[in-house]
Every structure is written in structure tokens, then in C-alpha cells.
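Working notes, structure below.
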Amino acid sequence: MGQKLVNEKFRKAKDNFLRKGVLFKKSYGADIFIVIRRGQKIYICDSEDGVSWLTDLKMLDQNYPIPIRVTPKLFETCPRSKKLKLVQRRDRVADDVIATEG
């Protein structure tokens, strides 16, 4: 596959992903902050037009309840047919525990 085609597919996938984030905000009233980095370029999608609700990533460490970290490992270890159940750990240093329901 040529680089031009790869870049076009990336652009379309990125735009669709960010559009879904905005629709998620509209449908469920959730604030979103999405960052995509590819090479030297960084794309940011924020649910707020003005001042962002997420001004510093370090502020998440001070948040309660503790933020749930979702990593690719979650999707690799959980069958698609099962609902994902994210369990928070009290220890902020350790990775989140992931279990499946059903």
C-alpha cells in the first residue's frame, strides 16, 4: 500500500474517531479529551470550545475517584462478546485490574 493511501486512510479514520468523540459528548453529556499523535503531528479533540476542562494531565493524579486507565491490553485479554468491567485499584502506581462479566 502506498504512503499516500496510508495517509488518506489515517486521515479518514482519525476524523471518524474524533467525530465519534463529539457525538459521545452530545449523546451522553460526558466531557471528552482525545489526543492522537502520529509522527510529529498531534491532534486534540476537546468537548469544550472555550477553556478546556483538562488543563493539565497532572491534575488527573489528584482526582477522586481515581481515573480508570484503559490500555490496549484490556481489549486483547477480554473476548469481544463479554462486557468489559473495569476495576479500580487503590494503589495508583499499579496498573488497573481488568475482569470480565458473564
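General remarks:
- When Val51 is tested against the conditions (1) surrounded by 13 or more Cβ atoms within 10 Å (Cβ to Cβ); (2) in a loop (DSSP other than H, G, I, E, B), the lone failure is (1).
- For region 28-38, a residue qualifies if it is surrounded by fewer than 14 Cβ atoms within 10 Å (Cβ to Cβ) and either in contact with a strand residue (DSSP E or B) (Cβ under 6 Å, 6 or more places away or on another chain) or of a type in the set (Phe, Trp, Tyr) (or both), and the qualifying residues are Tyr28, Val35.
- Test: residue in region 5-27 that is modelled with pLDDT under 90, loosely packed, with under 10 Cβ neighbours inside 10 Å and not β-branched (Val, Ile, Thr): no
The values are calculated or read from the model by the stated rules, or taken from the named source; none is laboratory data. These figures come from a predicted structure and were not determined experimentally. So basically every Cβ, Gly included, is an ideal-geometry build from the backbone, and we count neighbours across all protein chains shown.
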